[in-house]
Amino acid sequence: PSNSIAGFVDGQIIPYGSLDGGVRKLKEISGELFAVGSFYLVDGDTSYFVAKRFNGRWIGVGDFEALNNSGLIDIEAYNDEIIVAGSVSIGPEKGIFRYNNGTWEILGPGILGGLSGVKSLATFQGSLYVAGQIRTSEGNAGENIMRWDGTQFNAVKDGIRYSLGSTSTATVTSLVVQNDLL
């Protein structure tokens, strides 16, 4: 039995710690394994949504409050920082945060609007790409995909749209970098 996470070792699936909710993404960053998701406890300790594997157990990374948050969807390394995105907010700021000196802080203006949200992150050619259901009509720089250059979000050409009349209903659910292409 395993609680939300398991490992495959020597031909067997084994428990790999205990996270009390869903794990949505695992990522190795600078040689450390990170997990993001909708969990509140990791190996018996309180940790909201972000944990890393350290000395054979999971430990929390920073802290998001559980109130009004349903969890994180993705994690990415960018310019020696850890970036997370998902359905989380700290006060009025929402959607995308960076880890800075032990605390989470908003990246730029965050994701603006009540319907917009991030589904995927990727670092490509020196920029952080952010994709999901992101609307320019709610004040965001790009339509369903944006590029963070280290200081601000920028549009990626005309964005990604599925037009039905004048309403964009597209959602980018995954970004992948392969063979120098995004």
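One table, with the values for the structure above:
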{"read-out": "Single match in 85, 77 (criterion: closer than 29 Å to residue 15 by Cβ and crowded, with 19+ Cβ neighbours inside 10 Å)", "value": "85"}
{"read-out": "Failed item, numbered, when residue 173 is tested on (1) among the hydroxyl-bearing types (Ser, Thr, Tyr); (2) out of contact with any Lys or Arg (no Cβ under 7 Å at 6 or more places or on another chain); (3) surrounded by fewer than 19 Cβ atoms within 10 Å (Cβ to Cβ); (4) within 30 Å of residue 33 (Cβ to Cβ)", "value": "(2)"}
{"read-out": "Given (1) of a type outside the set (Lys, Arg); (2) assigned to a strand (DSSP E or B); (3) modelled with pLDDT of 95 or more, number of the condition residue 108 does not satisfy", "value": "(2)"}
{"read-out": "Residue list for the range 114-150, restricted to those being open to solvent by less than 30 Å² (accessible area, probe 1.4 Å) and more than 18 Å from residue 79 (Cα to Cα)", "value": "116, 117, 118, 131, 132, 134, 140, 142, 143, 144, 145"}
{"read-out": "Filter result for residue 23 (within 12 Å of the chain's Cα centre (by Cα) and under 17 Å from residue 130 (Cα atoms))", "value": "no"}
{"read-out": "Leading residue by the ranking (least open to solvent (accessible area, probe 1.4 Å)) among those in the range 88-113 that are free of Cβ contacts under 8 Å to residues at least 24 places away in the same chain and either polar (S, T, N, Q) or more than 15 Å from residue 151 (Cα to Cα) (or both)", "value": "95"}
{"read-out": "Output for the range 1-41, where each listed residue is over 16 Å from residue 87 (Cβ atoms), part of a strand (DSSP E or B) and touching a Lys or Arg at 6+ places or on another chain (Cβ under 8 Å)", "value": "32, 33, 34, 35"}
{"read-out": "Odd one out for residue 37 among (1) open to solvent by 70 Å² or more (accessible area, probe 1.4 Å); (2) under 23 Å from residue 119 (Cβ atoms)", "value": "(1)"}
{"read-out": "Single residue of the range 20-40 satisfying the filter (out of contact with any Leu (no Cβ under 7 Å at 6 or more places or on another chain) and without any contact (Cβ under 8 Å) to a residue 40 or more places away in the chain) that is nearest to residue 121 (Cα to Cα)", "value": "28"}
{"read-out": "Failed item, numbered, when residue 169 is tested on (1) at pLDDT 90 or above; (2) touching a strand residue (DSSP E or B) at 6+ places or on another chain (Cβ under 9 Å)", "value": "(1)"}
{"read-out": "Residues satisfying the stated conditions in the range 43-97, i.e. assigned to a loop (DSSP other than H, G, I, E, B), hydroxyl-bearing (Ser, Thr, Tyr) and touching a Phe, Trp or Tyr at 6+ places or on another chain (Cβ under 8 Å)", "value": "47, 48"}
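The values are calculated or read from the model by the stated rules, or taken from the named source; none is laboratory data. Because the structure is a prediction, the values reported are computed rather than measured. Counting neighbours? That spans all protein chains shown, and the Cβs are built from the backbone with ideal geometry, glycine included. Please note that ligands, DNA and RNA were not included when accessible areas were found on the heavy atoms of the full protein model with its side chains. Shrake-Rupley method; radii C 1.70, N 1.55, O 1.52, S 1.80 Å.
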